[in-house]
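Take a look at the structure set out below.
The values are calculated or read from the model by the stated rules, or taken from the named source; none is laboratory data. Computed from a predicted structure; not experimentally measured. As a convention, Cβ positions derive from the backbone with ideal geometry for all residues, glycine included, and neighbour counts pool all protein chains shown. Side chains included, ligands, DNA and RNA excluded: accessible areas come from the protein's heavy atoms. Shrake-Rupley method; radii C 1.70, N 1.55, O 1.52, S 1.80 Å.
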Amino acid sequence: MSLRTLRIGGFVALATVLLSGCGKHPLDTFDTDGEKAELIADLFYPVLGVAIFVFIVVQSAIVYMVVKYRAPAPGPDDEVRPGGYPDDEYPGQNHGNTRLEILWTIVPTVMLAAISVFTLVSLFDLDDVEASEESLAITVVGQQWWWEFQYHLDGDTESPPDFVTANEMVIPVEVDVPLLITSRDVIHSYWIPRLNGKRDGVPGREHPWVIQANEVGRFAGQCTEFCGLSHAYMRMWTEAVSAADFDVWVENQLRTQPVLVEGDVGYDGQQLFVGNCQSCHVITGVTQRDRDGDGTPEVDTWDLYQGTDKYVDPAILTAGAAPNLTHFMTRQTFAGSFFDLYDADGDLNRAQLEAWIRNAPAEKPNNWENQQGMTPFTGLTADQVDDLVEYLTTLR
């Protein structure tokens, strides 16, 4: 391999490492904001220090031996033995050194034993999912390719949730919030690196977890278990707010939406939504479905989200579960948190939202034919898309 090739390869590797840290919302594992994340960092840094120490010692020994025992270039009259040494300069050979062998066996053993003890202590602490706040629990449901959050204000995750949101979890600051993480389809993994480590969402199982933030802020997350076509675009946020702001937010989320009548702003869009979108999406108080199979539609309530699988019965929701949109405009992102709902000035990102409604698979890859992602609605006219967006803006 030529020196030029090595240089190019080294440059590409370095650029890849540097660029991997760039992004609109980088996932920072070093800037911790939760007790669990701090626990992980407190283990990581000492282990990293030990690893660096071992690396330096081993590499230094290798460099020392290479320099000290390197073979001199033989002269033109030297008789060369195997290995390239002149006959009279062949180094003496040592076979075994009991003291050194004992030393390099005992020292790594002690170091690994110490690391193991601290690692096990940290793992036990991380697995302590007994949250201090028992009046709130959240069921986290992964789906290709977005996240659903079912809020249980009484802490009882066996009963239907009090309300449901998507892609963005809001929690009170400085409170341990218990989570139950599961999935509707394949294995996903929930990770907000600044608040805690990863926890898998597995179909048919519920994995307990705890999330907590030390300060007010928004914390980015990412699905970390490969889950198909748009795995890289399956993002989420956790927003920590003050206790007072959380109470206000909860009060608003508990409201159902009113049914608009002719003449109301957004009425035409509401009719389009009911005709095209309610087979997948739910707007509590507005959308309807035949829950009993008797031909009589009932208005959707939060009771739809119940049962061991924590999602709407497929017999009721005819085309698969999609994000609940009851208070869509109170969120900051949409489409699995892949797009911002508002721009930097706080204005609606209308062009992107319209493009998403018109042809979602062109904006974020999916398998809509297999009910994995949003269906394209290329048959809608520009005016109809405008009407739908106008209606969505009323969902606050």
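One table, with the values for the structure above:
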| item | result |
| --- | --- |
| Evaluation of residue 130 against (1) of a type in the set (D, E, K, R); (2) buried (at least 16 other Cβ atoms within 10 Å of the Cβ); (3) part of a loop (DSSP other than H, G, I, E, B) (one fails), failing number | (2) |
| Positions within the range 268-304 being open to solvent by 50 Å² or more (accessible area, probe 1.4 Å), within 25 Å of residue 375 (Cα to Cα) and hydroxyl-bearing (Ser, Thr, Tyr), in sequence order | 301 |
| Qualifying position, being at pLDDT below 90, open to solvent by less than 30 Å² (accessible area, probe 1.4 Å) and among the aliphatic types (A, V, I, L, M), among 335, 322, 315 | 322 |
| Candidates 63, 57, filtered to the one that is open to solvent by less than 80 Å² (accessible area, probe 1.4 Å), in a helix (DSSP H, G or I) and at pLDDT 85 or above | 57 |
| Wholly within the range 146-259, strands (runs of 3 or more DSSP E) carrying at least 1 residues that are surrounded by 19 or more Cβ atoms within 10 Å (Cβ to Cβ) and acidic (Asp, Glu) | 146-152, 168-172, 235-241 |
| Qualifying positions in the range 363-379 - more than 26 Å from the chain's Cα centre (by Cα) and closer than 16 Å to residue 352 by Cβ | 377 |
| Matching residues, the range 352-391, being touching a Gly at 6+ places or on another chain (Cβ under 6 Å), surrounded by fewer than 18 Cβ atoms within 10 Å (Cβ to Cβ) and modelled with pLDDT of 90 or more | 390 |
| In the range 10-54, residue modelled with the highest pLDDT [restricted to those that are polar (S, T, N, Q) and in a helix (DSSP H, G or I)] | 16 |
| Search result, residues across the range 30-54 that are closer than 25 Å to residue 215 by Cβ and either open to solvent by less than 60 Å² (accessible area, probe 1.4 Å) or among the small types (Gly, Ala, Ser) (or both) | 32, 33, 34, 36, 37, 39, 41, 43 |
| Single residue of 347, 383 found to be of a type in the set (Asp, Glu) and either within 19 Å of residue 274 (Cβ to Cβ) or touching a helix residue (DSSP H, G or I) at 6+ places or on another chain (Cβ under 7 Å) (or both) | 383 |
| Residue among 103, 123 that is in a helix (DSSP H, G or I) and open to solvent by 90 Å² or more (accessible area, probe 1.4 Å) | 103 |
| Residue 92 being within 41 Å of the chain's Cα centre (by Cα) and at pLDDT below 85 | no |
| The range 230-256 residues that are over 21 Å from residue 220 (Cα atoms) and in contact (Cβ under 8 Å) with a residue 40 or more places away in the chain, paired with ones that are open to solvent by 70 Å² or more (accessible area, probe 1.4 Å) and not in a strand (DSSP E or B) (beta carbon under 8 Å, 6 or more apart) | 252/396 |
| Qualifying residue in the range 281-288 (condition: on the phi < 0 side of the Ramachandran plot and in a strand (DSSP E or B)) | yes |
